[in-house]
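Peer 1: Handing you this structure, nothing more for now.
The values are calculated or read from the model by the stated rules, or taken from the named source; none is laboratory data. Since this is a predicted model, take the numbers as computed values, not measurements. A quick note on method: Cβ atoms are made from the backbone with ideal geometry, for glycine too, and the neighbour counts reach across all protein chains shown. Heads up: the accessible areas ignore ligands, DNA and RNA and are worked out on the full protein's heavy atoms, side chains in. Shrake-Rupley method; radii C 1.70, N 1.55, O 1.52, S 1.80 Å.
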Amino acid sequence: MSRPNLTTQPQWQALQQHFSQIGRQHLRELFAADPKRGEQLTAEGVGLYLDYSKQRVNAETLRLLRELAESCDLQQHIAAMFSGDKINTTEQRAVLHVALRAPAGEQILVDGHDVVPDVHAVLDSMVAFAEQVRSGAWTGHTGKRIRNVISIGIGGSDLGPVMAYEALRDYSQRDMTFRFVSNVDGTDFAEATRDLDAAETLFIVCSKTFTTLETLSNAHAARSWCLQTLGDDQAIAKHFVAVSTNAAEVSKFGIDTAHMFGFWDWVGGRYSMDASVGLSTVLAIGPDRFREMLAGFHAMDQHFRQTPWENNLPVLMGLLGIWNNNFLDAATVAVLPYEQYLKRFPAYLQQLTMESNGKHVTLDGAEVDYATGPIYWGEPGTNGQHSFYQLIHQGTRIVPCDFIGFGQPLNPLPAQHGGDQHDLLMANLIAQGEALAFGKSAQEVRAEGTAESLVPHRTFDGNRPSSTILAAKLTPHALGTLIALYEHSVFVQGVIWNIDSFDQWGVELGKQLAKTTIAELIAKDEPELNHDSSTNTLIRRYRHLRDG
Ligand code: F6P
């Protein structure tokens, strides 16, 4: 559906006008003007509490943002996604990660075919396989029990599984080892396998297309590594399974398609961790916990579909992101989980958000004249505090932050200095948001007796926006809700920016050029090079360094 340019829409212009009025207002003033702001600018749903009162918005900003969303037909777009319309228009595909967590009995049609029974059939086969491996009923070629699982994949076929494994490690089967190999750098594979016995190792080759160079290179390395010890081609059947949509390539590689867990072209790679791409997750945490995680995703899906926008968590997060990105001109978002188990969450979100919304043309192919997806990055707190937070507090750029924390620790440690270590962790989370918002004025710094020459250095302007997301405990369910929260807020932003959040043509060029370059690197004789002078010189220099 063709749409007028976003920046010419009256709702966009109303926000620009509004920004010229409140854009300079300090959070100190906003809080002073409304003593209940910290209670009111909050929303709660499916176990997540969102405090966005430290964002530089007021009730009018939110009203105008909702109007903008309405003028972009957000509700219709949500309905279109959930009903299987081909909203990924550049690839003519439905976008149905929500079907992966739909309960049995629900009906979601793609080209007239109900996909929910298919989803559950694959889920059941993943569960049956995981039970066999976890119980020891599935043995390796020599009869030894499988103790190690190595998942080979990259991008969407890796980041979700790694993140989920790390996030839910507390729930994992501790007598099994789980590792993930993604990089084509041989070090990744070598380090993952160096201390393992091939007879006890199962490889999951995870690739939607089953043509990804890195994954296939590593899968071939794994095969050689296995055969080196086990000696026999027959071993492959007991030590390799595949996760893919491409049965032909799977069998070409030598994996029996009876040991292939499928998914569908309506699941984007970066939205696939709750499809069969989650096989390593089921193996690690077991079927019940995996289903709990799916239920968490589904709870957020329902919340997104049904909750009025005033309290709709993904809609609010999406709209606040638009405000920060397009009106406050903030180019990045820092995601700061105060939970060590979420250490790979920012990396996971980088693909989810940036591969989805890193686009420069609209659905109609017109160049946008507004900023689209911001740069996502982050590290767990409190580590980040001793590294990059300085720039967030006192640098020249605005970096909106998402703080994520939990009420109950998974590993409570005894008190060392009063309250337990979890209280200390959460005290830091809460204090960071406060410091960013309110800062410390020159007057306050002087009142502390600071030498005049140091006053500018010790002054914090504040007025730096952040949101805080709290949940009771990091459970599989809570993880599902959290991921779906970001998935849907990315969707909301993509709808407003009028871009295709579900393709990724931008990663193709580098892949194509690498094919030419590899031929030039491995050519026996000095190849004739026709690149630019930098690329030509780098190729020659590399060959020289390699060959001595
Ligand atoms: O690098 C781009 C990409 O196409 C991602 O979108 C995808 O998740 C990843 O490669 C891996 O692709 P596949 O699962 O097909 O191996």
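Peer 1: Which residues, counting only those in segment 227-246, are touching a helix residue (DSSP H, G or I) at 6+ places or on another chain (Cβ under 6 Å), away from the ligand (no atom under 14 Å from the Cβ) and either of a type in the set (Phe, Trp, Tyr) or closer than 12 Å to Cys206 by Cα (or both)?
Peer 2: Val241, the sole residue that qualifies.
Peer 1: Please indicate, with yes or no, whether at least one residue in segment 499-515 is modelled with pLDDT of 95 or more, aliphatic (A, V, I, L, M) and over 21 Å from His303 (Cα atoms).
Peer 2: yes
Peer 1: Just the residues that are in a helix (DSSP H, G or I), within 15 Å of the ligand (Cβ to nearest atom) and in contact (Cβ under 8 Å) with a residue 24 or more places away in the chain, please, taken from segment 314-361.
Peer 2: Ala347, Tyr348, Leu349, Gln350, Gln351, Leu352, Thr353, Glu355, Ser356, Asn357
Peer 1: Could you list, in sequence order, the residues of segment 228-247 that are assigned to a helix (DSSP H, G or I) and open to solvent by 40 Å² or more (accessible area, probe 1.4 Å)?
Peer 2: Gln228, Thr229, Asp233, Gln234, Ala237, Lys238, Ala247
Peer 1: Of these, Asp158, Asp114, Asp73, which one is among the charged types (D, E, K, R) and under 21 Å from the mean Cα position of the chain (by Cα)?
Peer 2: So the residue among Asp158, Asp114, Asp73 that is among the charged types (D, E, K, R) and under 21 Å from the mean Cα position of the chain (by Cα) is Asp158.
Peer 1: Kindly check whether there is at least one residue in segment 515-535 that is within 16 Å of the ligand (Cβ to nearest atom), open to solvent by 10 Å² or more (accessible area, probe 1.4 Å) and outside any strand (DSSP E or B).
Peer 2: Yes, that holds for at least one residue.
Peer 1: List every residue pair whose Cβ atoms sit under 7 Å apart, with the two residues 6 or more apart in sequence or on different chains, where the first one lies in segment 498-523 and is touching a residue at least 40 places away in the same chain (Cβ under 8 Å) and the second, anywhere, is assigned to a helix (DSSP H, G or I) and away from the ligand (no atom under 16 Å from the Cβ).
Peer 2: Asn498/Leu6; Ser501/Phe491
Peer 1: Which of the helices (runs of 4 or more DSSP H) contained wholly in segment 413-514 include at least 1 residues that are away from the ligand (no atom under 16 Å from the Cβ), in contact with a Leu (Cβ under 9 Å, 6 or more places away or on another chain) and open to solvent by less than 40 Å² (accessible area, probe 1.4 Å)?
Peer 2: By residue number, 421-438, 442-447, 476-497.
Peer 1: Something else: Find all pairs meeting these conditions: Cβ atoms under 8 angstrom apart; at least six residues apart or on different chains; first residue within segment 88-107 and in a strand (DSSP E or B); second residue open to solvent by 60 Å² or more (accessible area, probe 1.4 Å).
Peer 2: Cβ pairs passing all conditions: Arg93/Lys86; Arg93/Asp265.
Peer 1: Still on this structure, please answer the following. How many residues are aliphatic (A, V, I, L, M) and more than 14 Å from the ligand (Cβ to nearest atom) when one looks only at segment 249-262?
Peer 2: Residues in segment 249-262 being aliphatic (A, V, I, L, M) and more than 14 Å from the ligand (Cβ to nearest atom): 2 in total.
Peer 1: Could you check segment 133-178 and list, in sequence order, the residues that are within 16 Å of the ligand (Cβ to nearest atom) and in a helix (DSSP H, G or I)?
Peer 2: Answer for segment 133-178, where residues must be within 16 Å of the ligand (Cβ to nearest atom) and in a helix (DSSP H, G or I): Gly155, Gly156, Ser157, Leu159, Gly160, Pro161, Val162, Met163, Ala164.
Peer 1: Please specify each residue of segment 21-62 satisfying the condition of being of a type in the set (D, E, K, R), closer than 22 Å to Gln432 by Cβ and part of a helix (DSSP H, G or I).
Peer 2: Passing the criteria: Arg28, Glu29, Arg37, Glu39.
Peer 1: Which one is nearest to the ligand (Cβ to nearest atom), of the residues in segment 114-132 that are among the charged types (D, E, K, R) and in a helix (DSSP H, G or I)?
Peer 2: Asp118
Peer 1: If Asp265 satisfies every condition in (1) part of a loop (DSSP other than H, G, I, E, B); (2) more than 16 Å from the ligand (Cβ to nearest atom); (3) over 30 Å from Ser387 (Cβ atoms) but one, which is the exception?
Peer 2: In the conditions (1) part of a loop (DSSP other than H, G, I, E, B); (2) more than 16 Å from the ligand (Cβ to nearest atom); (3) over 30 Å from Ser387 (Cβ atoms), Asp265 misses (2) alone.
Peer 1: Here's something else I'd like to know. Would you mention how many residues in segment 186-212 are exposed (fewer than 14 other Cβ atoms within 10 Å of the Cβ), polar (S, T, N, Q) and more than 9 Å from the ligand (Cβ to nearest atom)?
Peer 2: 1
Peer 1: Out of segment 342-401, which residues are open to solvent by less than 30 Å² (accessible area, probe 1.4 Å) and aliphatic (A, V, I, L, M)?
Peer 2: Leu342, Ala347, Leu349, Leu352, Val368, Ile392, Val399, listed by residue number.
Peer 1: If you go through segment 97-111, how many residues are over 24 Å from the mean Cα position of the chain (by Cα) and over 14 Å from Phe263 (Cβ atoms)?
Peer 2: Selection size over segment 97-111: 7.
Peer 1: Right, something else. Just to be sure I understand the filter: pairs with C-beta atoms under 7 Å, separated by 6 or more residues or on different chains, first member in segment 5-17 and of a type in the set (A, V, I, L, M, F, W, C), second member in a loop (DSSP other than H, G, I, E, B) and at pLDDT 95 or above. Which pairs pass?
Peer 2: Every condition considered, the pairs that remain are Leu6/Tyr370; Leu6/Asn498.
Peer 1: For segment 276-311, enumerate the residues that are of a type in the set (S, T, N, Q), in contact with a Leu (Cβ under 9 Å, 6 or more places away or on another chain) and assigned to a helix (DSSP H, G or I).
Peer 2: Of everything in segment 276-311, those that are of a type in the set (S, T, N, Q), in contact with a Leu (Cβ under 9 Å, 6 or more places away or on another chain) and assigned to a helix (DSSP H, G or I) turn out to be Ser276, Thr281.
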